[in-house]
Every structure is written in C-alpha cells, then in structure tokens.
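The structure under discussion appears below in the form of structure tokens.
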Amino acid sequence: MPPRILIITPTYNERDNLAELTQSVLAAVPSAHVLVVDDASPDGTGALADALAARDPRVRALHRPAKLGLGTAYLDGFRHALSEGYDVAFEMDADLSHDPRYLPHFLEAIAQGADVVLGSRNLPGGGVEGWGPGRHILSKGGSLYARTILGVPTRDLTTGYKAFTRRALQAIDLERVRSNGYSFQIETTYRALRRGLRVVEVPIVFVDRRAGRSKMSRKIFAEAVVEVWRLRLDAARGRL
C-alpha cells in the first residue's frame, strides 16, 4: 500500500498564499492530504481553508482559538496525523517559501529508509533567494551555533521544511517537546538524532515570501539561543 501522507501548514494571515499553496502541493503529490492549522487569522485565512476543504476532500482545516505559536501548531498537526493513521507527516510553510516540487525528493528519501527528512538550504544544490545579508547571517549563524553546541552533523538545523515518518513522531515523544518558536525545529531534529533515528538532508532552494509579513522576531530568535543550551543540558541529564 502507498503511504498515507499529510502536509501540515500552520497559518496566521496567509489568505493571499493559501489557495496557491494547496493547489501546488496536491499537483505535486495528488495522493496527499493538506491540513491547515489556522490560529484565528483576522484576515479570513480560516474561512478560506474551510472553503477549500469543502471543494476538495484532500484539504482539512483545524481551527485554534488564538495565535498560539508555530511549535504547538505543528504538534497539534502531528497528533492529528497519528490519530488518523498517516504514515508520513510534513512540515511546510504557507508563505510559498517551500517549493512543493521537492516533496517527491523527501518521499524518495523515506522510501530508502530515512525516518526524518530535512529540506536543507546548506547543502550543495540548496540555497536561499530573496534575502539580504543580515537574514543570511542570522540563518546560517543560528544553524552553525546550534549544531556546534549540540554536537550534531546536521547542516540545516533550523529548516522548517521537514518530513517525519510515523515511527519518528512516536519516538520523539511529542508531549515532552517544549520549544514553540524558532527552536522548535532544532528540538524535534535533535530529539530524533538522540533516539538513533536516521535523519537525512535533501537540498532545497528557499524563496522568500512574496506576500504577507515574516513571523520571525528578535524574541523568537532569543528563545532559540537559550533553548539550545537547555536541550544540551537535558541531554546530559538523560531527560531527552
């Protein structure tokens, strides 16, 4: 049987991008389902998600009462994937920065035995389009900082384009994941590595958003700086 695939995309004010995203995802992987996790977007993203779901049974909408954070949105999506029997769950931004044409590359890596697949901007063939020097330094520096402190070989620890097998989601222990911002990506990958899961990177080109505003902030970045040390300490104490 082919794997059941769920693409999870958290949204907050992504009405301008959502229809194009779902159309592109389903064109790339027609057998997949898309779960939109909307945090009560004031621009009507949630209503659009409902309309898309009414037209296509492959689209689902999960509504949350307020802006509760990226990490908890993905955790809710992962719980949905496990409870509904999906075999593979993807993380994917709603702002069109993550190109759906890479989805088959992720699935090929999983078919070859990967437990977690990361879309890496830092491998040959990967990269970023549309960022200024400051954003490049922030991203590459953040990933280098995290991998150095945690002692892992992963080239892109902060990527938000990822795929997890069902086995990986169960092994990570979702109820113990504490990060909710930028550091959520670091924590989930680090937990997978600590459990001996096979983590594979595939090159992607990340394209900066065309519409809407980035959710990145200094507070989110500062959280990641602190959380990396908390992860290392927890690992040393056997708490991961």
**Report entry** Filter result (buried (at least 20 other Cβ atoms within 10 Å of the Cβ), out of contact with any Asp or Glu (no Cβ under 7 Å at 6 or more places or on another chain) and closer than 27 Å to L157 by Cα) within the stretch 58-74
**Finding:** L70, G71
Query raised in the report: Which of the residues belonging to the stretch 26-43 are farther than 24 Å from P3 by Cα and in a strand (DSSP E or B)?
Result: D38
Report summary line: Residue pairs within 6 Å by beta carbon, gap of at least six or interchain, first lying in the stretch 1-25 and on the phi > 0 side of the Ramachandran plot and outside any helix (DSSP H, G or I), second modelled with pLDDT of 95 or more and surrounded by fewer than 24 Cβ atoms within 10 Å (Cβ to Cβ), listed first then second, are N13/S41; N13/D43
Requested in this report: Select from the stretch 26-43 the residues that are touching a residue at least 40 places away in the same chain (Cβ under 8 Å), surrounded by fewer than 17 Cβ atoms within 10 Å (Cβ to Cβ) and under 15 Å from D95 (Cα atoms) and list them in ascending order.
Outcome: none
**Report entry** Flag if G46 is touching a residue at least 24 places away in the same chain (Cβ under 8 Å) and assigned to a helix (DSSP H, G or I)
**Finding:** yes
Query raised in the report: Going by the structure shown, is Q185 assigned to a helix (DSSP H, G or I), in contact with a helix residue (DSSP H, G or I) (Cβ under 8 Å, 6 or more places away or on another chain) and of a type in the set (S, T, N, Q)?
Result: no
Requested in this report: For G119, state whether it is small (G, A, S), farther than 20 Å from T45 by Cα and in a loop (DSSP other than H, G, I, E, B).
Outcome: no
Query raised in the report: Yes or no: S83 surrounded by fewer than 19 Cβ atoms within 10 Å (Cβ to Cβ), under 27 Å from V128 (Cα atoms) and at pLDDT 95 or above?
Result: no
Query raised in the report: Would you pick out the residues in the stretch 141-164 that are part of a loop (DSSP other than H, G, I, E, B), buried (at least 16 other Cβ atoms within 10 Å of the Cβ) and free of Cβ contacts under 8 Å to residues at least 60 places away in the same chain?
Result: V152, T154, R155, D156, L157, T159
Query raised in the report: Inside the stretch 51-100, can you point out the residues that are in contact with a Leu (Cβ under 7 Å, 6 or more places away or on another chain) and of a type in the set (S, T, Y)?
Result: Y86
Query raised in the report: Among L107, L138, which is out of contact with any Ser or Thr (no Cβ under 8 Å at 6 or more places or on another chain), surrounded by 15 or more Cβ atoms within 10 Å (Cβ to Cβ) and within 17 Å of I186 (Cα to Cα)?
Result: L138
Report summary line: Condition set modelled with pLDDT of 95 or more and either in contact with a His (Cβ under 6 Å, 6 or more places away or on another chain) or β-branched (V, I, T) (or both), scope the stretch 187-222, selection farthest from V117 (Cα to Cα): answer is V205
Query raised in the report: Right, G69: at positive phi and either touching a residue at least 24 places away in the same chain (Cβ under 8 Å) or of a type in the set (S, T, Y) (or both) or not?
Result: yes
Requested in this report: Inspect all residues belonging to the stretch 51-69 and state whether any of them is within 23 Å of S143 (Cα to Cα) and assigned to a helix (DSSP H, G or I).
Outcome: no
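The values are calculated or read from the model by the stated rules, or taken from the named source; none is laboratory data. Remember, it's a predicted structure, so these values are computed and weren't measured experimentally. Because the Cβ atoms are built from the backbone with ideal geometry, glycine has one as well, and the counts that use them run over all protein chains shown.
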